[in-house]
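Structure first, then comments.
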Amino acid sequence: MAHVRLSLLLAACCSAVPPRLLAQGDQIAAGIQAVDAHDFAAARGHFSAVLRRDPASYQANWRLALVLIDITKQTPDRIKSPARDSVYREAESYARRAVAAKPGGAEGHFALANAIGRASLSMSPKNRVRRATEVRAEALRAIELDPRHDGAWHILGRWNAEVQRLPALERFFARTFLGGAVFGTASWDEAERDLRLAVQYAPNKIVHRFDLAAIMVSRQEWAAAKQQLDAVAALPSVDVSDTSYKRQARELMPKVMEKLRQ
């Protein structure tokens, strides 16, 4: 009898859910499955279909933003591409809609930090500085909401590293004249700490390991760099960009080994 009552209760709950929402959940699930299979065109179609019915869907907005970034980042930044830059701006618009739909959602803020950084690549130096400040703020907000968010820690670590890699005069100019006062908070210690946390929370993600290795190279910590490059070589490729990171790691290893022999 208890089993019968439970079955009736479940049936009643399901019947109370509008068919539109059931279909939406199925579509989002299909989109997630397509992302896992690296079929980004299909994933884009699924999440877009949800948004045509419900433009304020938090899940569909942040997931579509990240799908668009995955599609577009396969065109290297060094190549001038108005089409790529347009899609990055589209990704940013979806991420902003996600944050508006659910300000307390870590994934929305992470997607927005990611999208702002990508969409800023073709902008003027002044706009890049202003938006770099927003990237940091959105990554920090994602971490505040989810302290174990490896992607947000990665963005924050990359932010610190990229500021540190700017020539001193350019960094001073950005901080003093372009409104980038927060640039003064950047440090190599923070960059390393942030990436180590990203690795701690997601040790099998190649991108975390590779960017931590790059930071250790910049700090001339050759043994630590080799440790991360060895991990990159050993880990299986899962993300669409992993093959590229593995190739870059192989290209970087001879320099690291030469420094270790000195």
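Which of the numbered conditions does Ala83 fail, given that it passes all the others? Conditions: (1) out of contact with any Leu (no Cβ under 6 Å at 6 or more places or on another chain); (2) under 18 Å from Val163 (Cα atoms).
(2)
Keeping to the range 30-83, report how many residues are of a type in the set (S, T, N, Q) and closer than 20 Å to Ala119 by Cβ.
Final tally of qualifying residues: 6.
Cβ-Cβ below 9 Å, separation at least six or inter-chain, first residue in the range 122-141 and closer than 18 Å to Leu169 by Cβ and aliphatic (A, V, I, L, M), second at pLDDT below 85 and not in a helix (DSSP H, G or I): which pairs?
If the second residue must be at pLDDT below 85 and not in a helix (DSSP H, G or I), the pairs left are Val129/Leu178; Val129/Gly179; Val129/Gly180; Ala132/Ser120; Ala132/Gly180.
What pairs come up if the first residue lies in the range 170-189 and is under 17 Å from Gly157 (Cβ atoms), the second is of a type in the set (A, V, I, L, M) and modelled with pLDDT of 75 or more, and their beta carbons are under 6 Å apart, counting only those six or more places apart or on different chains?
Once the first residue is under 17 Å from Gly157 (Cβ atoms) and sits in the range 170-189, its partners that are of a type in the set (A, V, I, L, M) and modelled with pLDDT of 75 or more give Phe183/Val163; Ala186/Val163.
Return the residue satisfying two criteria in turn: it lies in the range 219-262 and is among the polar types (S, T, N, Q) and in a helix (DSSP H, G or I), and of such residues it is surrounded by the most Cβ atoms within 10 Å (Cβ to Cβ).
Filtering the range 219-262 for residues among the polar types (S, T, N, Q) gives 220, 227-228, 237, 241, 243-244, 248, 262.
Imposing the further condition that a residue be in a helix (DSSP H, G or I) reduces the set to 227-228, 243-244, 248.
Numbers: Gln227: 15, Gln228: 26, Thr243: 11, Ser244: 17, Gln248: 15.
The residue in question is Gln228.
Taking the range 251-262 only, how many residues are among the basic types (Lys, Arg) and touching a helix residue (DSSP H, G or I) at 6+ places or on another chain (Cβ under 7 Å)?
Matching residues across the range 251-262 total 1.
What do you reckon, is Arg136 at pLDDT below 95 and within 19 Å of Leu68 (Cα to Cα)?
Against the criterion (at pLDDT below 95 and within 19 Å of Leu68 (Cα to Cα)), Arg136 does not qualify.
Which residues, counting only those in the range 154-192, are surrounded by 14 or more Cβ atoms within 10 Å (Cβ to Cβ), at pLDDT below 85 and not in a helix (DSSP H, G or I)?
Leu166, Leu178, Gly180
Residues of the range 227-262 being closer than 18 Å to His38 by Cβ and under 19 Å from the mean Cα position of the chain (by Cα), which ones?
Ser237, Val238, Asp239, Val240, Ser241, Asp242, Thr243, Ser244, Tyr245, Lys246
From (1) modelled with pLDDT of 95 or more; (2) more than 20 Å from the chain's Cα centre (by Cα), pick out the condition that doesn't hold for Leu197.
For Leu197, the failing item is (2).
The values are calculated or read from the model by the stated rules, or taken from the named source; none is laboratory data. Being a predicted model, the structure only gives us computed values, none of them experimental. Glycine also receives a Cβ, built like all others from the backbone with ideal geometry; neighbour counts cover every protein chain displayed.
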